1. Could we say that Ile285 is touching a strand residue (DSSP E or B) at 6+ places or on another chain (Cβ under 7 Å), outside the structural domain of His198 (by TED's automatic domain parsing) and more than 17 Å from Gly87 (Cβ to Cβ) here?
2. Select from region 142-180 the residues that are farther than 22 Å from Ser70 by Cβ, aliphatic (A, V, I, L, M) and either part of a loop (DSSP other than H, G, I, E, B) or touching a residue at least 24 places away in the same chain (Cβ under 8 Å) (or both) and list them in ascending order.
3. Among the residues of region 305-328, what is the count of those that are assigned to a helix (DSSP H, G or I), under 19 Å from the mean Cα position of the chain (by Cα) and either outside the structural domain of Gln56 (by TED's automatic domain parsing) or not acidic (Asp, Glu) (or both)?
4. Scan region 74-87 for residues that are in a loop (DSSP other than H, G, I, E, B) and in contact (Cβ under 8 Å) with a residue 40 or more places away in the chain and jot them down.
5. Sort out which residues of region 35-73 are without any contact (Cβ under 8 Å) to a residue 60 or more places away in the chain and on the phi > 0 side of the Ramachandran plot, and write them in order of number.
6. Please work out if Asn269 is under 23 Å from Val92 (Cα atoms) and at pLDDT 95 or above.
7. I want to confirm something. Restricting to region 94-129 and keeping residues that are surrounded by 19 or more Cβ atoms within 10 Å (Cβ to Cβ) and of a type in the set (Phe, Trp, Tyr), which single residue is farthest from Leu298 (Cα to Cα)?
Amino acid sequence: MRPLRIWTAVMALLSVLGAGALIASAQQPVNLAFSTLGQGTAWYVYGATMANLLRQTLPAGSNVDVKPFSGGVGNAKLVAKNETPLGLSFTVTNRWAAEGKEAYDTKLENLRGLVGGLDTYYLVAIAAKKLDINSLADIKARKVPVKLYTLPVGSLGELGARQLLREYGLGYADLKSLGGSATHVGYKVIVDGMKDGHGDLLIAVITPKHPSITEISTFSEVKFLPVDAERVKGLGTLGYTPQTLRAETFKRQTQPVATVGFPTVLITNKDLPEPIAYTVTRTIIENKDALVRGHAGLTEFDPKTAWTPENVGLPLHPGAERAYREKGWMK
């Protein structure tokens, strides 16, 4: 019996040391890269706001490095490879990534959710009034040459543009054959181009109070084109949900705009240590007021439902799950 007692004591000591090591590990500073989107986008502002909060709650000496890349499609790939342990994504892209479809040729099975339902994004088409079109269908029907802008390839803005055009029987090659063009650049170029006429159609995913869209709608003569019901239904097969951009969300947008939408999600991968995932999640869900001060697009964020499958689109990280259960929001 004595050897058994000794072995039991050794195991107990190792257990204590292991717990202590975990606690010590949780207190070590961490450097977390955080993938968002280009400067001038709502996501970059979201990331900067969250990073400022996290620097105050993560272990002393920690840093969160906000990266101005690579968007709703590319961020999931960066997070899956652990090049950026944190990233902003969308429910639709999360599902595509987990299933290995649309923009993803393999399943990214190690992705995990932290905080979902941060906002509502809308897939919109914004046309210069001088084009005199009321729908994307007019481009094909009337053979209108348009100079299209999208965000760079790798963003959901660009993929969403292709998906929306496809619903109307159009592609980039079709636009060029009609005498138009398709250019994939950042918002600084897009804003200037829409102002000076170098571009006359923008397809993007946007949130209310989006700074670049606000600037475009304020200083350019534009109209927001609705997506007809049949195309909304078609996009629904990809995971988009019907949404309506409320009237007066932007200047010159006097009518509600029927379209599709989805929420933003803060994601990570299964390798992020549980104490860090817990701290990140807890910090975000306890600081809604600070988030809204950083960007008004986060006004509709409801922390109590930030864990739900429809708001995340991925399995939750165990650290995030612990944070929601402690709050009593997740049973």
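1. Answer is yes for this residue.
2. Result: Val144, Val146, Leu170, Leu175, Leu178.
3. Residues flagged as assigned to a helix (DSSP H, G or I), under 19 Å from the mean Cα position of the chain (by Cα) and either outside the structural domain of Gln56 (by TED's automatic domain parsing) or not acidic (Asp, Glu) (or both) within region 305-328 amount to 5.
4. Asn82, Glu83, Thr84, Pro85
5. Gly61
6. So Asn269 passes the test.
7. This residue is Trp96.
Here is a yes/no grid of residues against (1) free of Cβ contacts under 8 Å to residues at least 24 places away in the same chain; (2) surrounded by 23 or more Cβ atoms within 10 Å (Cβ to Cβ); (3) of a type outside the set (Ser, Thr, Tyr):
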{"position": "Ala277", "(1), (2), (3)": "no, yes, yes"}
{"position": "Asn287", "(1), (2), (3)": "no, no, yes"}
{"position": "Val292", "(1), (2), (3)": "yes, no, yes"}
{"position": "Pro303", "(1), (2), (3)": "no, no, yes"}
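The values are calculated or read from the model by the stated rules, or taken from the named source; none is laboratory data. Remember, predicted model here, so these are calculated numbers, not experimental data. Cβ sites come from the backbone with ideal geometry, for glycine too, and all protein chains shown count toward neighbours.
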